[in-house]
Amino acid sequence: MRSPRFALAILIAAGVATASCATYEPSDQPYQKGAAFRDADIAPAVHPALDTDEAGLWMTMEEAEHDLKTAGNLVRDEALNAYVKGVTCKVAGPYCADIRVYILRVPDFNAMMAPNGALVVWTGLLLRTRNEAQLATILGHEIGHYIERHSVERWRDIRTKTDILMFFSIATSAAGVGYVGNLASIGVLASIYAYSRDNEREADDVGLKIMADAGYDPREAPKVWARLIREEEADEDKKSRIVFFATHPVPEERLDTLKAEAERLASTGFQGGIGVDAYDAAVLPLRAAFLRDELDLRRFSRTEALLNMLIEDGANVGELQFYRGELYRLRNGDGDLDRAMEAYREAENSDGPPPELFRSIALIHMKKGESVEAREAFSRYLALKPDAEDREMIRLMMEPAG
Amino acid sequence: MNVATNRVVVLLAVAVLAAACAKFSLVGPGRLEMADAYTVDSPVAWNETSEGKVQIWTVDGPQLQRLTFVNGLEDGDPLFETKGDSAENMPRYNSAMTPLEIKELIEAGLRVSGANQLETSDFRPQAFGSIPGYRFEFSYALESGLENEGTALAAKKDGKLYLILYTGTRFYYYGKHKDDVERLIDTIQIL
Amino acid sequence: MRRLWCVVVSAAVAAVLTSACATKTFQQINTLERDDSPLRVVLMPLDVQLSELTAGGLHEPKADWTASARVNIRDALVEAFRGRGAELAVYVEGPGDPQVRRDQIQLAVGQTILVHKFQPALKLPTKENVFDWSLGPKVASLRDEYDADYALFVFVRDSYSSGGRVAATVLVGILSMGRYILPGGQQTGFASLVDLDTGNIVWFNRLQRGAGDLRTLDAARSSVSVLLTDFPK
């Protein structure tokens, strides 16, 4: 059984364009519901015959998928899985039954589709799409790569050009990596296998159409990219690009094309939904865990920008302000203790801060030598969470020194 | 079965793996000195490999169970020494850390080293020989999904951090020497 | 890409793997316990993969070759066991966790054995003259499910070039990066026999051959007989 990483390497490895690929020109036909599926390069429910090279790839994928099912960082939450699968199915139309969705706990923005229909979504993506339409944008884009067989084409290219070990390197470092530190190197390696511009344009185009077919507002599509670009620009360290960008290059030109195409679709009188409530209902219960993963990366300027965007969006701001405070507390640079306390105070005055807020406030007081205030804050924490697993230690820390 | 398991990275730092390239030597049973700081009395023999401030003991193989000693971390030291990208993400110790922050440090270090679904429980004071320390239990899964359990004991001495971590596969190997580790912990003597 | 085993390991591994030994066996027992009824061994899902070595050095997994090899190895094993007066029951994979956990622990132990028993540089002093790895008593559920005395795990990797087998080179495969089989066309693997009452691995054999085409039943028979060298009676 091959590693799921191998399969997912193939996904990330969308590859370099071959000279023989014709340049992709988006059609300027008027919007026609279902047209994208009719023109697709792969019919639903197709399975290659056992002796083709595609079958070998398929077998590898199947075994990789077998491993994916037991991966340590697979998100097993039923409600979230049902939700993402549901959105995928809406967008995938007749291909719904061919696609299996796997959500992996990795704090970066990425989604990949294997040639056999396995779709992997990283939790870092769920933190960065704001609503169901934006999620549908990315899913539609990946489904576009799938139904136009871009991944299979990549595999053929790689077969003739690349050392399998390099391939495996990406496989093990890619997708679902528990070693958060690898994200920088994944990005570098993955970029070798980036989808071609033509593939990208085609996937954008198909993605927009099928998203619209499914009833989503295509004008949400360029907003996803805009948010990611904003986050990247805020990154002072520039240690690593968003992994998705490594394989899906986003020059400004694509963003403009996407906006124009979305407007064109919208102007045909098309009415599409956005879906904030359903999205929040599915993702908010798990958001704290994803934010904690984000902090582990210690990409503070970037995470700060992300948190600020999320605060602007306004869902459970108390939780977001708490994590903003945690960021400053962990960064522990000049003035950060005060910044942390300011964020914690905001959290106190907003919706839904977790009980841990008061534990962190207590820690700040302790650092400033304010033992009375520290004790008060610890007491509030314990009052809110009487069965806290650290209650014994905290009671000890509350005892007057000496 | 997958590559992740095969990568033989249980967790706890690439340094550990680099250390695993060194030969294993026999330690115990009996009283043993740890980094000029304390001694322990081990009821059983272990296979030891070490590098820098980290010592790893195992009976059946580091992928199955391991007793890890981190000896004398100083201000600014990463929790586990690693090479490569995760070195940047490895959180660092500072001597002003409270027990809560040290637990945070260990948890983040474990996650960055590859522990998935990390859960901790029962964070409580526990003596590290004659100095006050703290203890918690934890569990996690490797990339492959292989479930592991662990226990951590930490203490500060003269501003330096001393850690003892015992981890092993939930299936059989953690339990195999858990009692030996508890007995060993009871025999800590500060030098 | 960060290598997780250092160069020293690879070198040690290389030295052992290119040795002429076809197999190397460790065993705790020479005879299998049995009462009057025929011995029953449950054959766990075969972890077998065949690939083609392309001119560019790629290992291209071959679905049809692998499917044939799995069937051939299974059939050859069934024959071999019948010849020993034992029954081989084939495990049927169902949904749910138990088998996954057994697979995971079995692989972890198998790798540990390969690394620490077959590599002198990495040997564990406490295991010097001892071979006492176990999967633990929880495997007893297999005993009850299949009414079997022992379980057999088999792992094989092989690659073939279109022009025939390529000379063996370093097989870093199982030992360092797991399934990364560097160009070489070596047939490699291991088999382990587990006593289902105790979980103890009572017999462990490493396979390494430079010849034998698992796509044919004859070659599978011969590889199986090599794999079962020194199998307890």
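The values are calculated or read from the model by the stated rules, or taken from the named source; none is laboratory data. Because the structure is predicted, anything quoted here is derived from the model rather than measured. Neighbour counts run over all protein chains shown; Cβ positions are idealised from the backbone, glycine included. For accessibility, only protein heavy atoms count, side chains too; no ligands or nucleic acids. Shrake-Rupley method; radii C 1.70, N 1.55, O 1.52, S 1.80 Å.
Computed values, structure above
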| quantity | calculated |
| --- | --- |
| Residue match in the stretch C:119-137 (condition: assigned to a helix (DSSP H, G or I), within 9 Å of another protein chain (Cβ to nearest Cβ) and farther than 30 Å from B:Ser50 by Cα) | yes |
| Residues of the stretch A:91-144 satisfying the condition of being open to solvent by 10 Å² or more (accessible area, probe 1.4 Å) and β-branched (Val, Ile, Thr) | A:Val101, A:Thr137 |
| Residue, surrounded by the most Cβ atoms within 10 Å (Cβ to Cβ), within the stretch B:120-140, restricted to residues that are under 16 Å from the mean Cα position of the chain (by Cα) and farther than 18 Å from B:Glu101 by Cβ | B:Tyr140 |
| Of the criteria (1) within 14 Å of chain B (Cβ to nearest Cβ); (2) assigned to a loop (DSSP other than H, G, I, E, B), which one A:Ala340 fails | (2) |
| The stretch A:210-239 residues that are in a helix (DSSP H, G or I), paired with ones that are aromatic (Phe, Trp, Tyr) and buried (at least 22 other Cβ atoms within 10 Å of the Cβ) (beta carbon under 7 Å, 6 or more apart) | A:Leu228/A:Phe109 |
| Those residues of the stretch A:302-337 which are more than 24 Å from B:Thr98 (Cβ to Cβ), open to solvent by 10 Å² or more (accessible area, probe 1.4 Å) and either within 14 Å of chain B (Cβ to nearest Cβ) or assigned to a loop (DSSP other than H, G, I, E, B) (or both), in sequence order | A:Gly314, A:Ala315, A:Asn316 |
| Answer residue from the stretch B:20-53, given it is out of contact with any Leu (no Cβ under 8 Å at 6 or more places or on another chain) and of a type in the set (A, V, I, L, M) and is farthest from the other protein chains (Cβ to nearest Cβ) among those | B:Ala35 |
| Filter pass, B:Gly175 being surrounded by 15 or more Cβ atoms within 10 Å (Cβ to Cβ) and either without any contact (Cβ under 8 Å) to a residue 12 or more places away in the chain or small (Gly, Ala, Ser) (or both) | no |
| Sole exception among (1) modelled with pLDDT of 95 or more; (2) away from chain C (no Cβ under 14 Å) for B:Lys157, by number | (1) |
| Residue count, the stretch B:94-111 (criterion: within 14 Å of the chain's Cα centre (by Cα) and either open to solvent by less than 10 Å² (accessible area, probe 1.4 Å) or more than 9 Å from chain A (Cβ to nearest Cβ) (or both)) | 6 |
| Any hit, the stretch A:63-71, residues being modelled with pLDDT of 85 or more, open to solvent by less than 20 Å² (accessible area, probe 1.4 Å) and under 22 Å from the mean Cα position of the chain (by Cα) | no |
| Filter result for C:Leu88 (within 13 Å of chain B (Cβ to nearest Cβ) and either surrounded by 23 or more Cβ atoms within 10 Å (Cβ to Cβ) or over 28 Å from B:Arg66 (Cα atoms) (or both)) | no |
| Residues satisfying the stated conditions in the stretch A:191-212, i.e. surrounded by fewer than 20 Cβ atoms within 10 Å (Cβ to Cβ) and either farther than 20 Å from A:His150 by Cβ or under 18 Å from the mean Cα position of the chain (by Cα) (or both) | A:Ser191 |
| Members of the stretch A:219-278 found to be over 22 Å from A:Met309 (Cα atoms), surrounded by 13 or more Cβ atoms within 10 Å (Cβ to Cβ), at pLDDT below 75 and among the small types (Gly, Ala, Ser), listed by number | A:Ala246 |
